[in-house]
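The values are calculated or read from the model by the stated rules, or taken from the named source; none is laboratory data. If you're wondering where the values come from, they're calculated on a predicted model, not measured in any experiment. For neighbour counting, all protein chains shown are included, and Cβ atoms are generated from backbone atoms with ideal geometry for every residue, glycine included.
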Ligand SMILES: [Zn+2]
Ligand SMILES: [Zn+2]
């Protein structure tokens, strides 16, 4: 471990501060890392739990991305349904370690997990953005939520992905009013709950390409649809959706 050094150089006292590794080492001694899923010490995600993540895989509904066993283009939910985004894709099933990672970032405040989540999912994300002219944006939080949580987990994940994919990230959307939590609502209630709550940020601009909307989890698609509607209406762009995880049951 490199230590702080002080020396007199040319008659002046010069202090050589240790590199960033020193602080990381110190932090890891004071607050040892634990696996977010099983609690084993050493890493954010231990080898066994990393191996237990369930990738969504290539066989899925061409629109909502729901994994399918039947190799049909659209799942029964999407047949005849009008969606404001081209496709929605995700890296992992929202269960087991995938769910624990999302919760540790969102509710545990472990912001540095966003980089780990981007690192283990960007290979799959890259397959969905083969064109170069793509701008990443994130699902917004209302400022009251931002004030209590201190950060937007979707924004942290989107920024980390943007660095790894080498694609620009812009905050294009804003949540205009707070909405009650969605977790106990069905799909219809979720749509109603969110209606009109997301708008384009003042002065938001992007190129002529597509927008990839980023979130941590895709559940019924109501949030993705509300955000995509605002992007299409305000910017006239095509939108695809990428999330770290996706609910698969049902
Ligand atoms: Zn583990
Ligand atoms: Zn579908």
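For region 173-191, indicate whether the set of residues that are within 21 Å of residue 99 (Cα to Cα), touching a helix residue (DSSP H, G or I) at 6+ places or on another chain (Cβ under 8 Å) and assigned to a helix (DSSP H, G or I) is non-empty.
Yes, because at least one residue in region 173-191 is within 21 Å of residue 99 (Cα to Cα), touching a helix residue (DSSP H, G or I) at 6+ places or on another chain (Cβ under 8 Å) and assigned to a helix (DSSP H, G or I).
Residue 57 passes all but one of (1) within 21 Å of the chain's Cα centre (by Cα); (2) at pLDDT below 90; (3) within 16 Å of ligand 1 (Cβ to nearest atom); which number fails?
(3)
Which one is nearest to ligand 2 (Cβ to nearest atom) among residues in region 95-111 that are part of a loop (DSSP other than H, G, I, E, B) and in contact (Cβ under 8 Å) with a residue 12 or more places away in the chain?
Going through the qualifying residues, I end up with 95.
Tell me, please, whether a residue that is farther than 21 Å from residue 84 by Cβ, surrounded by 19 or more Cβ atoms within 10 Å (Cβ to Cβ) and in contact (Cβ under 8 Å) with a residue 60 or more places away in the chain can be found in region 157-169.
Yes, there is a match, as at least one residue in region 157-169 is farther than 21 Å from residue 84 by Cβ, surrounded by 19 or more Cβ atoms within 10 Å (Cβ to Cβ) and in contact (Cβ under 8 Å) with a residue 60 or more places away in the chain.
Within the bounds of region 207-216, is there any residue that is touching a helix residue (DSSP H, G or I) at 6+ places or on another chain (Cβ under 6 Å), surrounded by fewer than 22 Cβ atoms within 10 Å (Cβ to Cβ) and in contact (Cβ under 8 Å) with a residue 24 or more places away in the chain?
No: zero hits.
Among the residues of region 15-33, is any closer than 16 Å to residue 100 by Cα, outside any helix (DSSP H, G or I) and either modelled with pLDDT under 85 or more than 16 Å from ligand 2 (Cβ to nearest atom) (or both)?
yes
Inside region 36-94, can you point out the residues that are more than 16 Å from ligand 2 (Cβ to nearest atom), in a strand (DSSP E or B) and in contact (Cβ under 8 Å) with a residue 40 or more places away in the chain?
Residues satisfying the conditions are 55, 91, 92.
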